[in-house]
1. Just wondering, is there one or more residues in the range 39-53 that are among the charged types (D, E, K, R), in contact (Cβ under 8 Å) with a residue 40 or more places away in the chain and within 25 Å of residue 107 (Cβ to Cβ)?
Amino acid sequence: MSLSAFLAENAQTVENVKYAASKRFLDENGQPELWEIRAISGSADEKLRRDCVRNIPIPGRRGQFQRETDMDKYLGKLAVTCTVYPNLNDEALQESYHVMGAEQLLKTMLTSGEYADYVIKVQEVCGFNISLQDEVDEVKN
């Protein structure tokens, strides 16, 4: 056993994944345009999660709050952060859909089913074997 296997220069890179998020966007050959998805690091994921935490007042306990992660907001931010292509921050693309912001653009471009499938694919690319929404649903039950 050697720690050299864990050195950054010895770690295998995670390849970006090409995925047809929708059959409605076609390339010049009439085939679905492929989107490119990248994995993010644990520290980048942690920052996204922190950005999606909100404080909920605890009933009957004045001035006390419970921290809760807004999972819908987190998954939207994760999907946008992991999307390499198309560039969701492109101003012309946002203008064509009459929206402002990458998250709003993604939700507007894709149908609700396509969006749900895309979020699941993004989670798979990031290494989540079970979708975070499944985990949330399991905790609720």
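1. Yes, there is a match, as at least one residue in the range 39-53 is among the charged types (D, E, K, R), in contact (Cβ under 8 Å) with a residue 40 or more places away in the chain and within 25 Å of residue 107 (Cβ to Cβ).
Yes/no matrix, rows are residues, columns are (1) polar (S, T, N, Q); (2) more than 19 Å from residue 18 (Cα to Cα); (3) at pLDDT 95 or above; (4) open to solvent by less than 50 Å² (accessible area, probe 1.4 Å):
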site: 50; (1), (2), (3), (4): no, yes, no, no
site: 59; (1), (2), (3), (4): no, yes, no, no
site: 67; (1), (2), (3), (4): no, yes, no, no
site: 81; (1), (2), (3), (4): yes, no, yes, yes
site: 91; (1), (2), (3), (4): no, yes, yes, no
site: 122; (1), (2), (3), (4): no, no, yes, yes
site: 137; (1), (2), (3), (4): no, yes, no, no
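The values are calculated or read from the model by the stated rules, or taken from the named source; none is laboratory data. Note that the structure is predicted; figures quoted are calculated from it, not measured. Note that each Cβ is placed from the backbone with ideal geometry, even for glycine, and that neighbours are counted across all protein chains shown. Calculation scope for accessible area: heavy atoms of the full protein, side chains included, ligands and nucleic acids excluded. Shrake-Rupley method; radii C 1.70, N 1.55, O 1.52, S 1.80 Å.
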